[in-house]
Amino acid sequence: MPTETPSSKYSPVESRVEERVATTAVPKARDAADDEDGYINKMKHFLTTATLANSSKTKPSKNCNYSCALLFILGFALSLFLTIFIWFTDLYTNELYKRLTIQNGSLLYDSWKEPPVRPLMCVYVFNYTNVNEYMSGMHQKLKVQEVGPYCYRETLYRVNITDHKNGSQTFNEMKVQEYAYDASNGTDNDIIIVPDIPYISAIALTIDENFIIRNAMSSFLNHVSNSPFVTVSVYDFCFGYQDDVIRALATMAKLANKPIPFEKFGLLTKRIGVNPDRLTVINGLDNLNQMGQVIQLNGKSMLHPWSTDECNSVGGSDGMFFPRLKIQQGETIHLFHKDSCRKLPMTFLSKEKIKNGVIGHRYSLSINTFNNSIPENRCYCTSTPCMPDGIFDMGKCSTRSPVVVSRAHFLHSDPSLLDAVEGLNPDPKKHEFLWLIDPILGITMETQMRIQLNIQVRNPHGYGSLAKIPDNTILPFTWLEIKTGDVSPKLSMLLFHLTFTVHWLQTFLMCLSLVGLLGTSFCLMRMLNRRLSNNIVIISSDIQLKDRHTEKIPIC
């Protein structure tokens, strides 16, 4: 019987064990792969939930996040606009000052139309005290005594106003005077002796006529008057008087079929009532810096009494407003004096603190204004030789009258002018021409306008009683001072707000806009950085998961 080796024997137990080993070997490998996938999924789930949990702790929901971002963007845009608007443009100040023009309906229009400040016009008269002694040859020089002042409170109205589309306005000036007893020294009934202006003017007008006319005129005037001086009251001298010379001149004008030069002569007759001259000024709507500048006189931008266009051109301030940029920079400004048909230059002197702490710029009439020896004033020379320095001949601007203008008491004038008469004492503190202007708005705050009127004897042929006075002698007869005191309370408060309140408000807005711009910029940058950080965390987590997924994991 054949024998079986042990290895060939069949054992049910062993066969089952082998089958179990064979069948369990593959599932173990599968379980390792499944464990790897499960580990990755668990890690991914853990990292995702951790990131979401962290995000939920540090930032709000999406709707809130978008709302905050939108608010920050709007705040940034607004701050940027305010910063540019306040810091880098003049739009803020320009929009403010557009409300302060003199066009109809503006804040300053009523004050321009009827100025609340009533200037005080004071008349100082040179009373000639030795006329009889001089005319008889006893005295070598005429003597004058300054009397006054005789002051009148003046009210100004701008009437017959016409608005133009080019940003200008045309008007007439109307003035009303009221005698100011409290500011005067004496009354306007005082009697004075002054040069007979109509008589001396009539003789001067015959210089260019032929011998027959000159002789006839002289004989006729000597018949009605035997002296080139007249005795009148202060009131008549200021507001008009009629004597034999004036009546004789009126009769001669009628016989010659010419207009009567004047029915009455008075120093201030042109300042009574409505002045016929029409002024056109810029209202500031289109050009704020030129507000109040005169551009036409009686419809003309160019006059014709002088020798050059520069001197004939109409320009300068009407006296209420000046170019504010020139004031702020201390540049020379000009005042238009229509009775002289010229611009008067004024130069900067100093800064002065006045009421409410407002700073004003003090200006004075340029020292060379009436000097005919300088090149820029050659155009005003109307005679050969020219007038002495300090004298301006305004005759060609009006009726060829020999009335000439100077500073009070011949201040800053040729010394020879003081030798003609005795009794003049120039003093800058009393006789300087001064103006105080607000640099913010360019408005006049205070004036001390001092101008002297003189008459020049023009009698080269020695006719009549005037022959006893040397030819070309300049006789002073009055000087005027137009002054304004404190500005009105309303204007004073406006200047205070323009000087301080507006500046403080502008500074506050500048700081606010800058802080807002920096704050919104910081918040936007922080939000952007946070969003970028979260995106980087998520991206790095995905990268780690992918790296771990590709990494070979050993099977235990």
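No value in this document is a laboratory result; all are computed from the given coordinates. Please read these numbers as outputs of a predicted model, since none were measured by experiment. Glycine also receives a Cβ, built like all others from the backbone with ideal geometry; neighbour counts cover every protein chain displayed.
At a glance:
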quantity: Peptides 383-394, 280-291 ordered by average Cβ neighbours within 10 Å, highest first; calculated: 280-291, 383-394
quantity: Label-point separation in nm, Glu352 to Tyr181, each point 7 Å along Cα→Cβ; calculated: 3.1
quantity: Cα-projected label distance for Leu518 with Asn289, points at 7 Å along beta-carbon direction, nm; calculated: 3.3
quantity: Gain in span if fully extended, Ile161 to Met302, counting 0.36 nm per residue against the direct Cα distance; calculated: 48.6 nm
quantity: Orientation-averaged projected area, Cα convex hull of the range 275-340 (nm²); calculated: 5.0
quantity: Rounded to the nearest 20 debye, dipole of the range 298-426 from Cβ charges on Lys, Arg, Asp, Glu; calculated: 600
quantity: Peptides ranked, highest mean first, by Cβ atoms within 10 Å: ranges 333-345, 163-175; calculated: 333-345, 163-175
quantity: Estimated FRET transfer efficiency (Gln448, Asn222; beta-carbon r; R0 51 Å; 0.05); calculated: 0.75
quantity: Evaluated at q = 0.16, 0.18 Å⁻¹: base-10 log I(q)/I(0), Debye formula over Cα of the range 206-334; calculated: -0.98, -1.06
quantity: Shape of the range 407-468, Cα gyration tensor, a/c cut at 1.5; calculated: prolate
quantity: Per-selection Kirkwood Rh - the range 358-471 (Cα, Å, 1 d.p.); calculated: 16.1
quantity: Cα principal axis extents for the range 335-402, largest first, Å; calculated: 51, 24, 15
quantity: Taking all pairs of distinct alpha-carbon atoms in the range 382-440, Kirkwood radius in angstrom; calculated: 13.4
quantity: Net length gained if the chain between Glu422 and Gln328 were fully extended (0.36 nm per residue, minus Cα distance); calculated: 29.6 nm
